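Any read-out appearing in this document is the output of simple, stated calculations on the displayed coordinates, not a laboratory observation. Not measured: the values here are computed from a predicted model. Please note: Cβ atoms are built from the backbone with ideal geometry, for glycine as well, and neighbour counts cover all protein chains shown.
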Amino acid sequence: MAATAAAVITRPIAPEQASLWSDAWRRLRRNRLALAGVIYLTFVLIIALVAIVWTPYSTFRVGVGIPYSGPSSQHWFGVDGLGRDTLSRLMAGAQVSLIVGVGTQVLVLAIGVPIGLAAGYFRGLFDQVVSFLINLFYGIPDLLVALILVFLLGPSLTNIIIAIAVTRWMDMARLVRGQTLSLREREFVEAARAAGAKPAKILVGHILPNALGPIIIQATFGIPAAILFEAFLSFLGLGVPPPTPTWGGMAAEGIVTIRISPAMVIAPSIALSLTLMAFNFLGDGLRDALDPRGRR
Amino acid sequence: MFTRGTLIYIAQRLVLILLAVLGVSSLVFLGIHRLPGDALFSEHLHGDQYQQTLHHYGLDRPLWVQYVSFLAGMLHGDLGESLVNRGVPITPIVVREMSVSAEIGFVALLFTIGVGMLFGVVAAIRQNTWTDYLLSTASVVGYSMPNFVIATFLILVFGIWLDNLTQGTFYFQIGWPGRYGNIGAIWLPAFALGFPYASIVARLTRASMLEVIRQDYVRTARAKGLRESVIMIRHALRNALIPVITILGPLVIGIITGGVVIENIFGIPGLGKEFANSILNRDYNIVIGVFTGYAALVGLANLGVDLLYVVIDPRIRY
C-alpha cells in the first residue's frame with residue numbers, strides 16, 4: 001500500500017523536478033555576469049591546481065629577484081620585500097583561499113543543515129534552544145569571536161576554518177530551519193507521513209531536496225564571506241602563519257611599503273576582489289535561476 | 001517618545017550589557033591564562049627580578065585567585081595595568097580608544113546610510129536605465145571588495161598619486177592630528193570603512209523603493225497632482241526605509257569590526273590599532289582590556305540602534 005502510494009505520488013512529480021533544475025541551468029547560462037563568474041572561478045581553480053605541481057618560481061625561495069622591484073618580463077607581478085616572486089605566491093595563495101572558502105562551507109553545511117532540519121521539523125524545546133543560539137550568535141560580532149578563537153587556538157589553516165565556521169553556521173541553520181518549517185506543512189510531506197515514512201526518511205528524502213535550492217545559494221554566498229574573513233584574519237596577522245602565502249597576508253605585507261612597491265599590494269588585492277566578486281555574481285545568478293518567486 | 005517602560009527597558013539592557021562584558025572578558029581572561037608560554041618571560045628578566053615582576057602583577061598566585069581579583073577589578077572599572085609599560089593603567093587607555101573608534105564608526109555610519117540611500121533611490125527611480133545598471137553593478141563590486149582593499153586604493157590615489165600629480169599641493173595626509181580626528185583626516189578612512197555597507201544599503205533601498213512605488217497610495221499621490229520629488233521623499237522613501245532600518249544592527253557591528261582593519265591601515269589610535277599592537281607585544285592585560293572595550297562598544301551601539309527604532313517607527317514600543 002505504502003509502495004503504491006509513493007509510486008503514484010512520485011510519478012507526476014519527477015518530470016516537474018527535472019524541469020526545475022534544467023530550467024535553472026538554462027537561466028543561469030543566460031546570465032552573463034554569472035557565467036563570467038563561473039569562467040573566472042574555473043580559471044582560479046585551475047591556477048590553484050597547477051600551483052600544486054608548478055609555479056614560475058618557488059613560493060618560499062627568497063632572492064629570486066630584486067626586492068621591491070615592480071612588474072617585469074621575468075616577474076609579471078613584481079617581487080616582494082624578501083625577493084620572492086609575487087606571481088608564484090599569488091598562485092599558491094589561491095589554494096589557501098579556495099580551501100578556506102570551500103572547507104568552511106562544508107563544515108557550515110555539516111553543522112547547519114542537520115540542526116536546521118531537526119529544529120524546524122521537531123519544533124519544541126530543541127527548536128527554542130537552537131533559535132536562542134542563532135539569535136545569540138547574530139548579536140555578537142563574528143570577527144571578534146573568530147579573532148578570540150584563532151588567538152586562543154593558535155593560527156593554523158584548520159583552526160581558521162573552524163573559527164570561521166563557528167561564527168557562520170547560524171546563517172545556514174536559520175535558513176534550513178525556516179525552509180523546513182514551511183515545507184513540513186506541505187501536502188507531499190503529509191502524504192509521506194500518512195504513508196508511514198519515518199522522520200529521517202521524510203527529512204532526507206522529501207524536505208531536504210526541496211530546500212536544496214536556497215541551501216546552494218546560501219553556500220555560494222558563504223564561500224566569499226569565508227574567504228573575506230580569512231583575508232581579514234591574515235591582514236591582522238592572525239591568519240595562516242607565514243611563510244604560507246595568503247592573499248590577505250600578502251596585502252598586509254605590501255601595504256607597509258606601498259610607496260616603494262605598489263604592485264606588492266595591488267596584485268593580491270585585485271585577485272581577492274575578483275574572486276569575491278565572481279562568487280557574488282554566481283550567487284546572484286543562482287538566486288535568480290533557482291528562486292521561483294524571482295522568475296521574470 | 002521615551003516612556004517609563006522605555007527607561008526600564010534601557011536599564012535592563014544596560015544590565016545585560018554589563019553581564020555580556022563580564023562574560024567576554026572572563027572568557028578571554030581564562031583563555032589567555034591557559035595559553036602556553038609566559039608574557040613576561042624574556043632574556044632581560046630572570047631570577048629574583050622575574051619572580052618580583054610576577055609577584056607585582058599577581059601572576060604567581062593560583063588562577064582562581066587571579067580571576068576573582070580580576071572580576072573585582074572589573075566591577076570597579078579597573079582593568080589592571082600594562083604588562084609591557086609597567087604602572088600604566090589600562091582603563092583610561094581603553095576608554096579613550098573606544099571614543100576614537102566610536103567617532104570614526106559614527107562618521108562611517110552616516111556616510112553609509114547617506115550615500116547608500118541616495119544611490120538606492122536614484123537606481124530605483126531610474127530603473128532599467130544605464131544609471132540603474134551602473135549603480136547596481138557598482139554595489140556588487142562594492143560589497144565584494146574587502147575594506148582594506150578599498151583603503152589601499154584610496155591611499156594610492158589620494159595619498160600618493162595625487163601627491164605626485166600636484167607636486168604635493170593636494171594630498172591625503174595619513175595620520176591623526178591630536179586625540180580626535182578632524183574632518184580632513186577622517187573622511188577617507190570613513191569612506192573605506194563605510195563603502196561595502198553603503199553598497200548593501202543601496203541594494204536594499206533600491207529593492208524596497210521599487211516595491212513601494214508600485215503601491216496604490218503612491219498612485220493616489222500622483223493622481224492628486226503632487227510633485228514627483230514630494231511623492232518620492234515623503235511617501236515612498238519613508239516606507240522604503242523600514243527594511244533598511246532592520247539591517248542597522250548588523251551594519252553597526254560590521255562597521256565596528258571593520259574598523260579593526262581600517263584603524264591599522266590609517267594609523268588611527270583606536271581600539272583596533274591597540275588590538276593589533278597588544279597582540280604583537282604580547283601585552284595580554286591590554287588584549288583582555290581591548291576585548292572588554294569591544295564588547296561594551298558593541299553592546300552600547302546595539303542599544304543605540306534599538307532606541308533609534310523607537311524614534312523612527314512609532315509602532316515599536318518597549
Classify chain B as rounded, prolate or oblate from the Cα gyration tensor: take a ≥ b ≥ c as the square roots of its eigenvalues, call it rounded if a/c is under 1.5, otherwise prolate when a/b beats b/c and oblate if not.
oblate
For the Cα atoms of chain A, what angle does the longest principal axis make with the long axis of helix A:247-256, in degrees from 0 to 90, nearest 10?
40
Could you point to the residue in A:131, A:215, A:82 farthest towards the positive end of chain A's charge dipole, with +1 and -1 charges on the Cβ of Lys/Arg and Asp/Glu respectively?
A:215
Charge dipole of chain B about the Cα centre (unit charges at C-beta), most positive-ward option of B:29, B:205, B:14:
B:205
Simple spin-label estimate for residue A:61/residue B:50, 7 Å along Cα→Cβ, in nm, reads 4.2
Cβ-Cβ FRET estimate between residue B:126 and residue B:106, R0 fixed at 45 Å, reported to 0.05
0.90
For B:75, A:147, B:14, which order do you get if you count the other beta carbons within 10 Å of each Cβ and list the fewest first?
B:75, B:14, A:147
Using a Förster distance of 56 Å, the FRET efficiency for residue B:137-residue B:8 (Cβ separation, nearest 0.05)
0.70
To the nearest 10 degrees, how steeply does helix A:142-153 sit against the main Cα axis of chain A, on a 0 to 90 scale?
70
Restricting to Cα pairs below 8 Å that are 6+ residues apart, what does the relative contact order work out to for chain A? Please round to a whole percent.
26
What is the angle, in °, between the Cα long axis of helix A:124-139 and the longest principal axis of the Cα atoms in chain A? Nearest 10 is fine, range 0 to 90.
30
Could you give the dipole magnitude of chain B about its Cα centre, charging the beta-carbon of Lys and Arg +1 and that of Asp and Glu -1, in debye to the nearest 20?
1620
Among B:34, B:222, B:13, what is the fewest-to-most ranking by other Cβ atoms within 10 Å?
B:34, B:222, B:13
Determine the sum of side-chain charges near residue A:93: Lys and Arg each +1, Asp and Glu each -1, restricted to other residues whose C-beta is under 14 angstrom from that of residue A:93.
-2
With a ≥ b ≥ c from the Cα gyration tensor eigenvalues, square-rooted, and the rule rounded for a/c under 1.5, otherwise prolate when a/b > b/c and oblate otherwise, the protein assembly as shown is rounded
Computed for the protein assembly as shown: size of charge dipole around the Cα centre, +1 on C-beta of each Lys and Arg, -1 on C-beta of each Asp and Glu, debye to nearest 20, value 2300
Using only helices, what value at 222 nm comes out for chain A when you add -39,500 (n - 2.57) per DSSP H run of length 4 or more and divide by the total residues, to the nearest 500 deg cm²/dmol?
-25500 deg cm²/dmol
If one computes the Cα centroid of segment B:228-269 and of segment A:174-250, what distance in Å separates the two points?
27
Put a dot 7 Å past each Cα toward the Cβ at residue A:191 and residue A:204; how far apart are the dots in nm?
2.2
Please report, in cubic angstrom per residue, the volume enclosed by the convex hull of the alpha-carbon atoms of chain A.
154
Among B:267, B:299, A:39, which residue has its Cα furthest toward the positive end of the charge dipole of the protein assembly as shown, with +1 on Lys/Arg Cβ and -1 on Asp/Glu Cβ?
A:39
Taking the beta-carbon count within 10 Å as an exposure proxy, list B:169, B:3 from fewest neighbours to most.
B:169, B:3
Expressed in nanometres to one decimal, the distance between label points 7 Å along Cα→Cβ at residue B:215 and residue A:158 is 5.4
